[in-house]
Each structure stands twice: as C-alpha cells, then as structure tokens.
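Just below is one structure, and these are the notes that go with it.
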Amino acid sequence: MGAIADDLGAIAVTATSPDGRIEGRVESLEHVTLCFVHDSYEGYYRHRDAEALAHQLGRGATLMAATYQKARRAVMLAHGFERYSTVRPPFSSRHREYLERAAKLIAHGSSPGGEIRVTAVALTDYVVSIAPDTLDGRDERMFLQIAHAAMSDLRADHRRAHAALRHELFLKHKDRQR
C-alpha cells in the first residue's frame, strides 16, 4: 500500500438509490456525481414526482456515504489506525468532544434558486427536498446541474462548520494537555 493520503484520495465508491433508478459515485469525498440509470429521470419527470425523487436522492446519498465510510475505514485499518469506539474511546478530552460533536454536525445546501435543498448530519444522513414545480420544464441534464450545485453548497457549508468546530475546540483546549 502507498502513503495513507494517496490511498484515501484513491477511494472511489458507487451506490444506487433504493429504487435502483439513481446511481451516485464518490471519489475521495470531493467529487460526487449522480446519474439516472436507464433514462429513469423520465419516470420522475412524467409523473412530476418530486417527493419520491427527493426521498430516493436522500437515501441514495446516505447509502453512498455509508459505502464511502466503509472503504475509508478499511484504508485506515490497513495503515494501522484503529477506530475509536465506546469500548476504546480516544484518550484526550478534546478528541472525545470532537468526535461527539462532529457526529452531530449539521450542514445545509441548496441550489442557487432554492429548488433543491439538502441537509446532512455529519455527512452521513441526508435529507433532500425538491420544490414541487422543479421538474416542470427541466430535462435530466438541467436537473442534475441544480442537484450538483446543491451538493456543492452542502459540502462548502460542511467544511465551514467543521472548521469552526475544530477552531472552537482548539481554543477551548489549547491550554490543557489532555
């Protein structure tokens, strides 16, 4: 195996929504792509079923996150990093607090016009909402553009919130050893 950073950067996973109609791919957690399998967007579009589409996108994103985390854990274990658990918690209070609060970190994102809104807890549990008229007059390519914009906005909000959490904990614990 190469350096851990290289191996983490090389992670690429694919997951499918529960209905099997949407496929997502995550590469190194920075590149997320969505596509509709076998022109399945047409079914959502024809029935103007924004609610079902939102549900499938949210569950599909959650499945992608779980698949990514599983692959990430495998890389970490291969490099000798053990996972913390309730049985074997981190030794420092700063790290314990970080893990507890990061697991509850909420991020929000939306498309530029607010047609698609995404909320994620710790980038592991996603909820998507799509305005009812969003599918009107939008072909698959146009829909995917606004969906990707919403996910990009979500990742930016998560990076901001995560950086704020780390900064807050650094300031809180900077004078303590553990």
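The values are calculated or read from the model by the stated rules, or taken from the named source; none is laboratory data. Predicted model only: the values in this text are computed from it and were never measured. Ideal geometry is used to build each Cβ from the backbone, glycine not excepted, and the neighbour counts take in all protein chains shown. Heavy atoms of the whole protein, side chains included, go into the accessibility calculation; ligands, DNA and RNA do not. Shrake-Rupley method; radii C 1.70, N 1.55, O 1.52, S 1.80 Å.
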Considering only residues of segment 134-146 that are outside any helix (DSSP H, G or I) and surrounded by fewer than 15 Cβ atoms within 10 Å (Cβ to Cβ), which is modelled with the highest pLDDT? Asp139
Is it the case that Gly9 is more than 19 Å from Ala150 (Cα to Cα), small (Gly, Ala, Ser), open to solvent by 30 Å² or more (accessible area, probe 1.4 Å) and in contact with a helix residue (DSSP H, G or I) (Cβ under 7 Å, 6 or more places away or on another chain)? no
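Look through Ala131, Ala149 and report the one residue that is aliphatic (A, V, I, L, M), out of contact with any helix residue (DSSP H, G or I) (no Cβ under 8 Å at 6 or more places or on another chain) and modelled with pLDDT of 95 or more.
On the way: Ala131 fails: out of contact with any helix residue (DSSP H, G or I) (no Cβ under 8 Å at 6 or more places or on another chain).
Going through Ala131, Ala149 in turn, just one is aliphatic (A, V, I, L, M), out of contact with any helix residue (DSSP H, G or I) (no Cβ under 8 Å at 6 or more places or on another chain) and modelled with pLDDT of 95 or more: Ala149.
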Looking at Gly20, Gly43, Gly24, which is the one that is assigned to a helix (DSSP H, G or I) and touching a residue at least 12 places away in the same chain (Cβ under 8 Å)? Gly43
For segment 97-115, enumerate the residues that are over 13 Å from the mean Cα position of the chain (by Cα) and open to solvent by less than 90 Å² (accessible area, probe 1.4 Å). Glu97, Tyr98, Leu99, Arg101, Ala102, Ser110, Ser111, Gly113, Gly114, Glu115
